[in-house]
Amino acid sequence: MTQRILLTGNGAAAWGARLARSDYIPAFPITPQTEIIESIAAWVEQGEMDARLVTLESEHSMVTAAGAAAATGVRVFSATSSQGLLYAMEMLYTVAGWRAPFVLVNVSRGLSAPITLEPDHNDILAARDSGFLQLHCATCQEVLDSVLLAFRLAEDRRIRLPVIVNLDGFYLSFTREPVNLPDLGSVDSFLPPFDPENIRFRASAPISQAVAVLGGSPYSYFRYETHLAALHGLGVYDEIACDFARTFGRRHPAVESYRMDDAQWAFVMIGSFATKAREAVDRLREIGWRIGLIRPRLLRPFPVSTLRHLCSGLRGAAVIDQNLSIGFGGVLHGELCAALYGETKAPRTLVSFIGGLGGRDISDEEFFEMAAVVRRAADAGQTPAPRLLYTEDELRELRTLQAVAHSERNDLGARSKTT
Amino acid sequence: MGSNEKIYRIRFHGRGGQGMKTASRILGTAFFLSGFEIQDAPRYGAERRGAPIFAYVRAARSPINERGIIRRPDLVVVADDTLLPIPAAGVLAGVDEHTILLLSSDVRAAEWVDRIRFPGQLILLPKLGETEDPPGLRFLGATCAGAAARLAGPVARDCLEASIHMEAGPLGAAALAENLSRALAAYDAMASHAGCVQPATATSADDYIAPRWVDLPFEQASVSAPAIHGTLTSALSKTGLWRTLRPVIDYARCKRCWWVCSTFCPDGAIQVDSAGQPGIDYEHCKGCMVCVAQCPPHAIEAVTERGSQAEEAS
């Protein structure tokens with residue numbers, strides 16, 4: 001029987017790992033992720049979850065342990081955030097190359113420096129090219145469901161790649177929402193035990209994994225095969241999402257399209273702030289706008305043809321990036337432009353907005369204004385420069401802080417000379 | 001969700017340790033058990049006990065797409081009136097004529113309205129005997145949640161009771177009984193104000209105040225690097241204002257060990273003089289009570305800040 005209970009995003013992630021009957025959980029704590037491994041540790045301790053949880057000395061070792069355990073053919077779950085994900089970066093690329101599947105949850109948090117606890121997507125996007133597939137969540141329900149989807153996707157014999165499920169710190173990690181908790185029987189039928197095929201590790205039958213290659217030719221082969229497997233993930237994901245909808249009655253397409261049927265305009269964004277865009281779409285529709293929301297859930301592989309289809313015939317779109325590629329701009333904007341280049345019915349106007357860095361809120365009014373900017377740009381036939389969502393009031397407050405940081409240098413310097 | 005569908009937006013403000021996260025969970029669960037879709041969350045940073053923190057609850061009859069900090073609260077609950085004069089605590093952010101302020105204070109409501117020029121209705125949290133008694137402080141969250149549930153209106157008493165069983169049950173029978181009795185007493189005491197909270201309507205996309213965005217000016221790294229050039233900046237921040245409990249050293253029992261309390265103090269707020277006698281810097285002690293827990297001869301006692309201030313004044 002399905003129960004409907006209140007769970008934080010972290011709680012939902014932990015339940016996903018439990019319902020998936022994860023065998024092995026290498027762990028290392030980091031805010032705002034720690035609640036995930038604390039929940040699992042408590043269940044293991046109380047005998048409610050039959051798994052082995054091991055605390056490692058770093059995220060680098062944790063991801064190594066995850067990949068190594070996956071390479072023996074057991075089901076592996078782990079979780080990290082922000083600096084932790086970056087500390088493991090070398091091993092993210094390495095274990096993806098092993099073609100050993102497991103699921104890693106990342107709770108997004110802005111990167112240092114300056115250091116913060118609140119979310120943006122630069123951490124997860126740093127892992128963009130690693131070979132891990134990526135699912136991005138907007139609600140706590142989606143977090144739980146995505147962990148189950150991710151295991152199916154990762155372990156599919158056509159894919160065999162690790163998958164990251166991403167949720168935003170605070171806005172999901174510490175926020176409770178009603179979540180349907182599926183019963184174990186349905187989960188078992190959707191997600192059967194991991195069949196590792198030929199990646200079983202047995203003492204009597206040694207194999208060598210992750211071998212060295214010299215020369216570009218074999219290297220190119222292995223890397224490009226990994227890429228092809230990831231691209232294959234688009235079709236495989238659709239199959240799995242259909243199966244999920246049949247089993248649980250919830251649809252999680254690779255790209256969420258909200259009120260896009262007759263849309264001329266769209267917001268394009270990923271993550272939990274996209275639910276705010278849904279709200280803005282409803283408000284704008286009330287006053288006659290034909291506007292919708294396009295939200296890629298699957299970011300790797302990048303669902304190019306679905307995005308082309310959804311954008312076809314639009315007059316304009318606001319692409320809202322909660323990330324910043326330093327020296328370039330918004331990552332999603334760049335990727336969408338690349339996907340749409342040369343398409344005859346692609347929108348002429350794709351305006352880039354950078355918002356929500358370090359958890360900076362995006363208000364209703366800002367969504368309305370972004371829509372207005374896009375419409376004015378389309379009417380004028382001129383796309384404005386990328387816009388950081390930052391107000392005069394914020395700059396004034398920042399100036400106050402800077403004044404404190406600088407004037408104290410003088411004041412306290414003078415004082416210490418006299419004392 | 002259509003704009004005619006109401007969302008209750010409720011913010012709890014208090015100090016770390018006063019149970020505002022607990023209050024938001026009790027209220028969130030009570031709404032949920034009453035048939036609402038809900039969202040509840042605490043918001044905190046790297047602080048510890050005593051720091052200004054807040055938590056919030058949204059409740060509606062259909063799924064909630066709003067997210068994050070509540071900008072225009074319908075109800076603001078304040079567990080500690082010393083937060084009101086602190087701008088960084090943001091207690092009054094976004095309040096207007098429709099906002100109800102529920103305040104725990106010894107000062108009369110009319111005087112607060114005058115002091116802070118509050119535009120809406122201000123209601124004092126009923127005194128249920130807990131504020132002066134340190135063990136009782138732990139249950140302030142339940143009191144706030146019970147009162148807020150009644151002010152909001154659509155939460156039935158038995159749903160509040162069931163919620164407290166879920167949220168406080170794991171803390172043991174004694175804590176559960178204490179939470180239940182305080183929350184239900186506060187719920188009952190608010191009968192005359194039942195349902196006074198009025199959910200605000202959604203922002204209109206037709207008639208809104210456009211954000212005043214700025215283009216950030218380019219500035220040299222000498223200005224724009226995140227550096228603080230001053231020294232002793234933390235000394236300027238009077239974190240002693242955070243305390244709800246005050247550690248007091250009983251010098252008759254202090255062994256002059258010279259190192260335990262001062263080493264464990266996470267804020268360097270205990271200095272030891274050349275004779276080995278510790279002294280607490282109350283301008284910066286945040287009231288975390290780590291020293292009280294660590295002192296081997298139990299020579300440091302926790303007393304209420306309010307009580308000590310009253311004593312000092314007399």
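GNM on chain B, alpha-carbon springs under 10 angstrom: the most fluctuating residue among B:104, B:262, B:274 is B:274.
Based on the Stokes-Einstein relation at 10 °C and a viscosity of 1.306 mPa s, and on the Kirkwood radius from alpha carbon pairs, the stretch B:54-100 is assigned a translational diffusion coefficient of 131 µm²/s. In straight-distance terms, cross-link reach from residue B:255 covers every one of the aspartates and glutamates whose alpha-carbon lies under 15 Å from its own, apart from those fewer than eight places away in the same chain; here that gives B:273, B:301.
Potential lengthening of the chain between residue A:344 and residue A:328 amounts to 3.2 nm, from the contour at 0.36 nm per residue minus the alpha-carbon distance. For chain B, taking a cut-off of 4.7 Å between Cβ atoms, the unpaired cysteines are B:144, B:159, B:196, B:254, B:257, B:265, B:285, B:288, B:295.
Here r is the Cβ-Cβ distance between residue B:201 and residue B:294 and R0 is 60 Å; the resulting FRET efficiency, rounded to 0.05, is 0.70. Amide hydrogen proximity for residue B:53: with H placed 1.01 Å from N in the peptide plane, the residues at 5 or more positions away or on another chain lying under 5 Å are B:14, B:15, B:16.
How large is the Rg to Rh ratio of chain A when both quantities use alpha carbon positions and Rh follows Kirkwood? Mind dumping the intermediate values first?
Values: Rg = 22.8 Å, Rh = 22.6 Å.
In chain A, Rg relative to Rh is 1.01.
Using C-alpha pairs under 8 Å with a sequence gap of at least 6, the mean separation divided by the residue count of the stretch B:130-243 gives a relative contact order of 28 percent. Taking the Kirkwood radius as Rh and the Cα radius of gyration as Rg, chain B has a ratio of Rg/Rh equal to 1.02.
In the stretch A:230-304, one over the average inverse separation of all distinct C-alpha pairs is 13.4 Å, which is the Kirkwood hydrodynamic radius. Considering only the Cα atoms of the stretch A:1-123, their convex hull presents on average a projected area of 8.2 nm².
Partner shielding of B:39-45 amounts to 6, given as the average count of beta-carbon atoms from other chains within 10 Å of each residue beta-carbon. Could you compute the FRET efficiency for residue B:177 and residue A:83, with r as their C-beta to C-beta distance and R0 at 35 Å, rounded to 0.05? Rounded to the nearest 0.05, the efficiency is 0.20.
Which net charge results when you count Lys and Arg as +1 and Asp and Glu as -1 among the other residues whose beta-carbon is under 11 Å from that of residue A:96? Neighbour charge sum, excluding residue A:96 itself: +3.
Taking all protein chains as they are arranged and a probe of 1.4 Å, the heavy atoms of residue B:57 leave approximately 0 Å² accessible to solvent. Altogether, the Stokes-Einstein calculation at 20 °C and 1.002 mPa s, with the Kirkwood radius of the stretch B:51-183 over Cα pairs as Rh, returns a diffusion coefficient of 133 µm²/s. Each Lys or Arg adds one and each Asp or Glu subtracts one; over the other residues with Cβ under 14 Å from the Cβ of residue A:259, this totals -1. Which lysines, if any, have their Cα less than 23 Å from the Cα of residue A:276, not counting same-chain residues under 8 positions apart? Within the straight-line limit of under 23 Å, residue A:276 reaches these lysines: B:6.
Could you work out [θ]222 nm for the protein assembly as shown from helices alone, using -39500 (n - 2.57) per DSSP H run of at least four and dividing by all its residues? Round to the nearest 500 deg cm²/dmol. Walk me through the numbers on the way to the answer.
Numbers: 25 runs with 282 residues, N = 733.
It comes out at -11500 deg cm²/dmol, rounded to the nearest 500.
Beta bridges per DSSP, both residues in the protein assembly as shown: antiparallel share near 45 percent.
With kT/(6 pi eta Rh) evaluated at 4 °C and eta = 1.567 mPa s, and Rh the Kirkwood radius from Cα pairs, the stretch A:38-107 diffuses with a coefficient of 103 µm²/s according to Stokes-Einstein.
From largest to smallest, the equivalent ellipsoid semi-axes obtained for the protein assembly as shown from the alpha-carbon gyration tensor read 44, 32, 29 Å. Per the Debye formula on identical point scatterers at the alpha carbon atoms of the stretch B:238-313, with no solvent, log10 I(q)/I(0) at q = 0.11, 0.19, 0.21, 0.25 Å⁻¹ is -0.24, -0.73, -0.89, -1.21. The angle between the Cα long axis of helix A:9-19 and the longest principal axis of the Cα atoms of chain A comes to about 20 degrees, rounded to the nearest 10.
Computed from backbone phi with θ = phi - 60° and the Karplus coefficients 6.51, -1.76 and 1.60, the 3J(HN,Hα) list for the stretch A:171-188 is 5, 10, 4, 9, 9, 8, 9, x, 10, 6, 9, x, 7, 4, x, 5, 5, 4 Hz; x is used for glycine and proline.
For the stretch A:307-333, the residues whose amide N sits under 12 Å from a probe point set 7 Å from the Cα of residue B:216 along the beta carbon direction are A:323-327, A:329. The angle separating the long axis of helix A:89-98 from the principal Cα axis of greatest extent in chain A is about 40 degrees.
Exposed loop sites are taken as GluC sites (Glu not before Pro) in a DSSP loop (any state but H, G, I, E or B) with at most 14 other beta carbon atoms within 10 Å; the longest stretch of chain A without one runs A:58-342.
Here the gap between residue A:290 and residue A:224, fully extended at 0.36 nm per residue and compared with their Cα-Cα distance, gives a gain of 19.6 nm.
Summarising the amide proton neighbourhood of residue B:78: residues at separation of 5 or more, or on other chains, whose placed amide H is nearer than 5 Å comprise B:13, B:102, B:103, B:104. Shown is the FRET efficiency for residue A:232 and residue A:212, computed with R0 = 30 Å from the Cβ-Cβ distance and rounded to the nearest 0.05: 0.70.
Partners of residue B:286 within straight-line reach, counting lysines whose Cα lies under 20 Å from its Cα and excluding those fewer than 8 residues away in the same chain: B:21, B:238.
The values are calculated or read from the model by the stated rules, or taken from the named source; none is laboratory data. Note that this is a predicted model, so its numbers are computed, not measured. Here the Cβ is made from the backbone with ideal geometry for all residues, glycine too, and neighbour counts use every protein chain on show. Surface accessibility is based on the protein's heavy atoms, side chains included, excluding ligands, DNA and RNA. Shrake-Rupley method; radii C 1.70, N 1.55, O 1.52, S 1.80 Å.
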